[in-house]
Amino acid sequence: AQKITQTQPGMFVQEKEAVTLDCTYDTSDPSYGLFWYKQPSSGEMIFLIYQGSYDQQNATEGRYSLNFQKARKSANLVISASQLGDSAMYFCAMREGRNTGNQFYFGTGTSLTVIP
Amino acid sequence: NAGVTQTPKFRVLKTGQSMTLLCAQDMNHEYMYWYRQDPGMGLRLIHYSVGEGTTAKGEVPDGYNVSRLKKQNFLLGLESAAPSQTSVYFCASSYDKGTPFLNEQFFGPGTRLTVL
């Protein structure tokens, strides 16, 4: 079974609007972290935000927030007030506590295009 | 700090040739990882290391070998390159302090490898 599922291959959003990128995960480990990375067309991987499984509140980082719904095993990324520079691939990832190597499991990504 | 660096940035090989990709990090991180990124497939883990002198297989290890003789370096080797190994290769590192499963990965800029 896939550890991380991103079901939206591509998304479009109007500039200045908010957008939600979906991510669901699968784990039986009670301790885990969920991460979002941005990959612009230049290719580098940029860390955006993370959420711990024991965190009571949703994580926020500037215009990024993580909508964490533990019972549904979802960790959606919300980008508010989209900008043209937000156009990129976005990857959701998970890291389990019990895993010896603390491997990261990545989803297949969502390509976001911000329309002027 | 340079962070995570990768050498080379680009390489073209012929089928059957061998090469080594070098990853170096100056953050004193314990964990290091090698991924490959192919269109539509996200990042897939090739090999990883939890410390100097240790390595372990990831999701797609066949055709690759790794070594971590020094804590700051993680080498990825292709003994006999095949066209199926054409990909973008990313190295990443992470640290073991605090709660490891909440620590993000730091990525190198990537190596674009083409095997003809």
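Any of B:Lys14/B:Lys70; A:Lys38/A:Lys73; B:Lys9/B:Lys97; A:Lys73/B:Lys71; A:Lys16/B:Lys97; A:Lys16/A:Lys73 with alpha carbons more than 32 Å apart? Name them for me.
Violating the 32 Å limit, Cα to Cα: A:Lys73/B:Lys71; A:Lys16/B:Lys97.
Measuring between their Cα centroids, the range B:1-19 and the range A:1-60 lie 29 Å from each other. Ordered from longest to shortest, the equivalent ellipsoid semi-axes for chain A are 24, 15, 12 Å, each the square root of 5 times a Cα gyration tensor eigenvalue. Of all the accessible heavy-atom surface of chain A, with the other protein chains kept in place and a 1.4 Å probe, what percent is carbon and sulfur? Result for chain A: 49 percent of the exposed heavy-atom area is carbon or sulfur. Per-residue mean of foreign Cβ neighbours for A:28-37 is 2 (Cβ atoms of other chains, 10 Å radius). Peptides B:25-38, B:50-63 ranked from most to least packed give B:25-38, B:50-63, packing being the mean of other C-beta atoms within 10 angstrom over each peptide's residues.
Please compute the net charge surrounding B:Lys97, taking Lys and Arg as +1 and Asp and Glu as -1 over other residues with Cβ under 15 Å from its Cβ. Here the charged neighbours net out to -1. Per-residue shielding of A:103-113, expressed as the average number of other chain Cβ atoms within 10 Å of the residue Cβ, stands at 4. A protection proxy built from the mean count of other Cβ atoms within 10 Å ranks the segments A:23-32, B:14-23, most packed first, as A:23-32, B:14-23.
Taken residue by residue and averaged, Cβ atoms of other chains lying within 10 Å of the Cβ of A:17-27 number 0.
For chain A, the per residue solvent-accessible surface stands at 47 Å², with DNA, RNA and ligands left out and a 1.4 Å probe.
Centre-to-centre, using Cα atoms only, the range A:82-110 and the range B:68-116 are separated by 16 Å. Of the residues A:Thr7, A:Ala18, A:Thr113, the one whose Cα sits farthest towards the positive end of the charge dipole of chain A is A:Thr7 (charges of +1 on Lys and Arg Cβ, -1 on Asp and Glu Cβ, taken about the Cα centre).
Counting charges near B:Gln72 (Lys, Arg +1; Asp, Glu -1) among other residues having Cβ under 12 Å from its Cβ returns a value of 0. One quarter of the convex hull surface built on the alpha carbon atoms of the protein assembly as shown amounts to 12.7 nm², the projected area averaged over directions.
Farthest toward the positive end of the dipole of the protein assembly as shown, out of A:Ser41, B:Phe90, A:Gln69, is the Cα of B:Phe90, where the dipole comes from beta carbon charges about the Cα centre.
Can you list the lysines whose alpha carbon sits under 20 Å from that of A:Lys70, skipping same-chain ones fewer than 8 residues off? Straight-distance partners of A:Lys70: A:Lys3.
Neighbours of B:Leu116 by Cβ distance under 15 Å: Lys/Arg scored +1, Asp/Glu scored -1, total +3. Solvent-accessible area of chain B (1.4 angstrom probe, protein heavy atoms only): carbon and sulfur portion equals 53 percent. Buried surface between chains B and A: roughly 1800 Å² of accessible area, summed over both sides, computed with a 1.4 Å probe on protein heavy atoms only.
The values are calculated or read from the model by the stated rules, or taken from the named source; none is laboratory data. The model shown is predicted, which means the values in this text are computed figures rather than measured ones. Glycine gets a Cβ as well: all are built from the backbone with ideal geometry, and neighbour counts include every protein chain shown. Heads up: the accessible areas ignore ligands, DNA and RNA and are worked out on the full protein's heavy atoms, side chains in. Shrake-Rupley method; radii C 1.70, N 1.55, O 1.52, S 1.80 Å.
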